[in-house]
Each structure stands twice: as structure tokens, then as C-alpha cells.
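Here is the structure we will look at.
No lab work stands behind these numbers, since they all come straight from the coordinates. None of the values given here were measured: they were computed from a predicted structure. In this analysis, Cβ positions are derived from the backbone assuming ideal geometry, glycine residues included, and neighbour counts consider all displayed protein chains.
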Amino acid sequence: MTVIPKEIQDFLRGKVAWVATCDKNGVPNVAPKGTLSCIDDQTLVFADIFSLKTRTALEENPIVAVAVIDPSGPKGYQIKGKSELLTSGPIYDSVTEKVKKGLPNVGALKYVVKIAVTEIYSLSPGPDAGKKIA
């Protein structure tokens, strides 16, 4: 796994992430996720609220890419990793509690996606655009 630098952990907080997946037939899918967060310096999580295509793709192929940008910066990162779908346990419970506080009318989460980070790239414009950070 790859360590997510503190600067990037702080950057991700409160931003919408675009999560890209690909099913077993190579059909891509991308969807916005407003619940992305770091649970430690090597792991990201997000909640499934309405994610049928994302879930289906991750069940068939656990590799995922996450893009987060701040257009006012402009600055951004792409984070790649291997996902795991959680339907119970401490991580699931913690994410569920946070989501319920922010979105009290959302029903029970179907699952939480845990991502073991393997690579991080710059999405910021300039000479380092696309450069591998970690």
C-alpha cells in the first residue's frame, strides 16, 4: 500500500470525488461520491447511497480510481487502489454514523467501499501534471 501524504489527506476533506470503475467486460463507469474520506494514511472509504453500477463493477473488478479536484486552486489528485465492499464492522458503522449526521433522511447504507491506496498522481495543471506522487 501507499502512504497518503498529510497534505493530500487534508485536501480531500469536504470535496466531491469522482470514482471510476470498470466491470468484467471492460465497461467503464464514473460516479460522484460526496462521502469520501481517509480512515488512515493508506486507506480511503466512501458510502454507497445510490450506486448500483459502481457496486456491480466493484464486485466484478475491485480496481478503482478516484479523482478529486479544487477548480479554484486549480489543484487535484488521482488516487488508485483496490477496493473491498463492507456491509458490517467498525469501519461500516463509523461511515454510517457520519453519513447519517450529514444526511439524516438517507436510509441504511447498502455498503461502504474501503480502498487500499496503491498510487497517487497529480491532476494539477503545469509541468507536474500527471506525475506520480506516491
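Just a few scattered comments:
- Those lysines that a straight Cα-Cα span of less than 18 Å connects to residue 82, excepting residues fewer than 8 apart in one chain: 24, 33, 53, 114, 132
- Cross-link reach list, aspartates and glutamates versus residue 15, counting only Cα pairs under 12 Å and skipping chain neighbours closer than eight places: 70
- A prolate overall shape is assigned to the stretch 4-70, the ratio a/c of its alpha-carbon gyration tensor axes (a ≥ b ≥ c) being 1.5 or greater and a/b exceeding b/c.
- The value of relative contact order for the stretch 6-122, using C-alpha pairs under 8 Å at least six residues apart, is 27 percent.
- Likely footprinting exposure, 128, 70, fewest C-beta neighbours within 10 Å first: 128, 70
- Over the stretch 6-122, the hull volume per residue, using the convex hull of the C-alpha atoms, is 102 Å³.
- Over the stretch 55-119, the hull volume per residue, using the convex hull of the C-alpha atoms, is 118 Å³.
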